[in-house]
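As structure tokens, the structure follows; a few thoughts come after it.
The values are calculated or read from the model by the stated rules, or taken from the named source; none is laboratory data. Fair warning: this is a prediction, and the values are worked out from it, not measured in the lab. Here the Cβ positions follow ideal geometry from the backbone for every residue, glycine too, while neighbour counts run over all protein chains shown. Keep in mind that these areas ignore ligands, DNA and RNA; they rest on the heavy atoms of the full protein, side chains included. Shrake-Rupley method; radii C 1.70, N 1.55, O 1.52, S 1.80 Å.
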Amino acid sequence: MKQYRINELILYRGFEQDQDELLTDLANLVNELDAEDEDSVFYEEQEQKDVYFSCIHRLVDLAGTYGFAGNLWHCYLTYLLVNHENVFSKACEIHGPVEGSINAIAAHDFEIYRELFRFDFQELEKRLGVQGFSMISDYVNVNENSKMFNKRIRDRICSLSVRLAEAKDIAEFMDDMIQFYKDFGVGKLGLHKAFRVAQDEDGVHIVPIPNIAHVHLDDLVGYEIAKKKLIDNTEAFVKGRKANNCLLFGDAGTGKSSSIKGILNQYYDQGLRIIEIYKHQFQALNDVIAQIKNRNYRFIIYMDDLSFEDFETEYKYLKAVIEGGLEKRPENILIYATSNRRHLVREKFSDKEDRRDDLHSSDTVQEKLSLVYRFGVKIFFCAPNKKEFQNIVRTLAERYGLEMPEEELLLKANQWELQHGGLSGRTAQQFIDYLLGQVPEEEPGH
């Protein structure tokens, strides 16, 4: 029985969060069974069986977490390959094939992985006197939903695992991996669209958000001029041209946040990623930027519902990070923010009274307005008028296949908006959701 050679790996070793524990345990078991020197034995016979079934258990558990199906061993190996951030995989992300000696080193590691893909579990089980692999070699998952990946990525990993297992030589195996890195990237930044920031005693972490609303810009009825400004700026950024930080401001419920989600979904496959950060986390911005500035993706640092009370001073720190510090902002990073306030920092009439006692009142005003000046593109989202609101309702009703006489639909919509927040796109969507919730489901057989 051929031994594992994982100790000979060069690039694809040292996985994060103990992802390779299963591989290490199985390798130790196989290598021990094949060893002739009794002094090398560190598992008793029953322990050997326990280790083996523990590995089978972890493969099944992995399938439950990530939604994998088919040959779970192959899915696991593929999962390791697509998650490992190293010199080769990061060079290939978004850009594809690269030149240089790194290709020979990658080919060396991929040859070891090809051996792992072809490992004979039947021989191992014969030696142990057990059975188990047959139950996970063609696994049908009880639930296709993944807790960690969106369905598109999960399906691509499963299909990639089949191609890697069937690769006729190392060149084909390597081509498949490079194509995946080009299409999807590598690691958490490649396999996810959106992220949040977490902090603990170990530092600042960029944490994936696996479930993102599938909002598209076309779903936002109206606001064509506003959407075009946003698209033009984002498209320039994604294509590597000059682009500006962007502020979306205006009335509540008009689609500012939905527009941000829409551009993420529209440009994700071109390397766009979004990291959401909250006001109390601004001190972590430099750490976040340090982690992403040398990657091949384009990052939007997203601040939702951004505003400051007059006593809050975090905006001063944000000004320096956006523009004004000694270090130039990396070209692969932009700041997008949404706010109900055009000037972000709250101003009161009493401020005017205070200016009588301020020898440099114009400086005080400029200090409060200087943050918004850091955003080169400012896009206004205003509340719709009655006619525009009714058009949104009609469009959404048609989109969701809601059958109701138009006169009745608009009458109920008018009644709804009077009781639920007034004229806005959000109110229209909530009204349609309410009507859809009142439609009884068809009984089986009808």
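Quick notes on this structure:
- Under Karplus coefficients 6.51, -1.76 and 1.60, residue-wise ³J(HN,Hα) of the range 422-437 in Hz, glycine/proline x: x, 7, 6, x, 5, 4, 4, 5, 5, 5, 5, 4, 4, 4, 5, x
- Amide H within-cut-off set for Ile209, under 5 Å, with H built and near neighbours excluded: Ala194, Phe195, Arg196
- 3J(HN,Hα) couplings calculated from phi for the range 227-240 with the Karplus curve 6.51 cos²θ - 1.76 cosθ + 1.60 (θ = phi - 60°) are, in sequence order, 5, 5, 4, 5, 5, 4, 5, 5, 5, 4, 5, 4, 7, x Hz; Gly and Pro show x.
- Restricting the GluC sites (Glu not before Pro) of the range 55-143 to loop positions (DSSP other than H, G, I, E, B) with no more than 11 neighbouring Cβ atoms within 10 Å leaves Glu99.
- Placing His74, His280 in order of accessible area, with the largest value first and a 1.4 Å probe, yields His280, His74.
- The residues of the range 381-435 have, on average, 59 Å² of accessible surface per residue, using a 1.4 Å probe with all protein chains present.
- A simple rule links phi to the HN-Hα coupling: the Karplus curve 6.51 cos²θ - 1.76 cosθ + 1.60 with θ = phi - 60°, which for the range 64-71 gives x, 6, 9, x, 5, 8, x, 7 Hz, with x for Gly and Pro.
- Packing-based ranking of 199-208, 298-307 yields 298-307, 199-208, ordered from highest to lowest mean Cβ neighbour count within 10 Å.
- Residues whose amide H falls under 5 Å from that of Leu272, counting only those 5 or more places apart or on a different chain, are Arg298, with hydrogens built in the peptide plane.
- In terms of its alpha-carbon gyration tensor, the range 118-200 comes out oblate; a/c meets the 1.5 threshold, while b/c is at least as large as a/b.
- Heavy-atom SASA rank of Arg58, Arg154 (probe 1.4 Å, accessible area, largest first): Arg58, Arg154
- Measure of compaction for the range 60-158 (Cα Rg per 2.2 N^0.38 Å): 1.27
- Within the range 371-446, chymotrypsin sites (Phe, Trp or Tyr not before Pro) in DSSP loop having at most 15 other beta-carbon neighbours inside 10 Å: Tyr400
- Heavy-atom surface analysis with a 1.4 Å probe gives the range 98-167 a carbon and sulfur content of 50 percent of its accessible area.
- 5 angstrom amide H check on Ile333, placed H, neighbours 5+ away: Phe299
- Taking the range 155-288 and dividing mean pair separation by its residue count, relative contact order in percent (alpha carbons under 8 Å, at least six apart): 29 percent
- Note on the range 180-299: Rg/Rh from Cα positions, Kirkwood definition for Rh, rounded to two decimals, is 0.96.
- Placing Cys92, Cys158, Cys382 in order of accessible area, with the largest value first and a 1.4 Å probe, yields Cys382, Cys158, Cys92.
- Using the 1.4 Å probe convention, the accessible area of the range 170-313 works out to 42 Å² per residue with neighbouring protein chains retained.
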